[in-house]
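Chemist: The following block contains the structure, expressed as structure tokens.
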Amino acid sequence: MSYFRNRSALSATIALTILVGTTWTATAQPPRNATGPTPPSAADADAALAPVTTVNKVLRHSRFTSENVPAAIGSGFVAMTGVITVNCPGPGQCLLEVDQHANVRGTVANNVWAICTKVDGVFMNNPNCPFLGVIPSTNQFVAGAFVQTKSVSAGDHAVQTFIYTLSGGTRGIYQVTHRIYKNN
């Protein structure tokens, strides 16, 4: 009987944690008049490729890019990494996972930011890149991270990660990890 009571308490704790996390996320959304990352249109979606499930995947390749030197960035989308090539060994599709981590700082109020990655010139949309929050106007760094995935066909693919800000700022350290998974 105590097992079920403890399990109910655990479920309530998880629900409260999710509720608190959702409330925090809601406060970090951009102002209603902000413009920023635009969700890809249906034309941008790679409809020819069927979704790849994440069951029984084997890591085939992993690569990371990082920088420790702060750099001034303008508003809009600014390349955070150079273009790199990832390869999906055939036959069939692979799952590309991109883990994006960065910190930024600024001096302008209501300066929202995001991290987005393009594959073969098209922003990834699984899921679309969200705003990660508002950069403090006190010139203090704030960190954020986001993971995206995409089914890719066999062969080479050009991948580049961008940082978006509404009003510019300073990009601090970052690390982007690219992983290619293949069905087992």
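The values are calculated or read from the model by the stated rules, or taken from the named source; none is laboratory data. Note that this is a predicted model, so its numbers are computed, not measured. Here the Cβ is made from the backbone with ideal geometry for all residues, glycine too, and neighbour counts use every protein chain on show.
Chemist: Only one of A154, A143, A102 is buried (at least 17 other Cβ atoms within 10 Å of the Cβ) and either over 20 Å from E67 (Cα atoms) or modelled with pLDDT of 95 or more (or both); which?
Modeler: Values: A154 fails: buried (at least 17 other Cβ atoms within 10 Å of the Cβ); A143 fails: buried (at least 17 other Cβ atoms within 10 Å of the Cβ).
Of the residues listed, the single one that is buried (at least 17 other Cβ atoms within 10 Å of the Cβ) and either over 20 Å from E67 (Cα atoms) or modelled with pLDDT of 95 or more (or both) is A102.
Chemist: I'd like to verify a number: residues in the stretch 110-126 that are assigned to a strand (DSSP E or B), surrounded by fewer than 18 Cβ atoms within 10 Å (Cβ to Cβ) and among the small types (G, A, S), how many?
Modeler: 0
Chemist: Run S137 past the list (1) surrounded by fewer than 17 Cβ atoms within 10 Å (Cβ to Cβ); (2) out of contact with any Lys or Arg (no Cβ under 8 Å at 6 or more places or on another chain); (3) within 21 Å of N68 (Cα to Cα) and report the number of the one that doesn't hold.
Modeler: (3)
Chemist: Just need a number here: residues in the stretch 55-106 that are among the polar types (S, T, N, Q), in a strand (DSSP E or B) and over 25 Å from R171 (Cα atoms). Let's see the steps before the verdict.
Modeler: Looking only at the stretch 55-106, we keep the residues that are among the polar types (S, T, N, Q), and these are 56, 62, 65-66, 68, 75, 81, 85, 87, 93, 100, 103.
Okay, now just the ones that are also in a strand (DSSP E or B), so 62, 65-66, 85, 87, 100, 103.
If we keep only those that are over 25 Å from R171 (Cα atoms) as well, we get 87.
Final tally of qualifying residues: 1.
Chemist: Cβ contacts < 6 Å: first residue touching a residue at least 12 places away in the same chain (Cβ under 8 Å), restricted to the stretch 117-143; second residue of a type in the set (F, W, Y), any location; separation 6+ or different chain. Result?
Modeler: L132/W113; I135/W113
Chemist: Do you know which residues across the stretch 127-148 are under 24 Å from I180 (Cβ atoms), hydrophobic (A, V, I, L, M, F, W, C) and not in a strand (DSSP E or B)?
Modeler: C129
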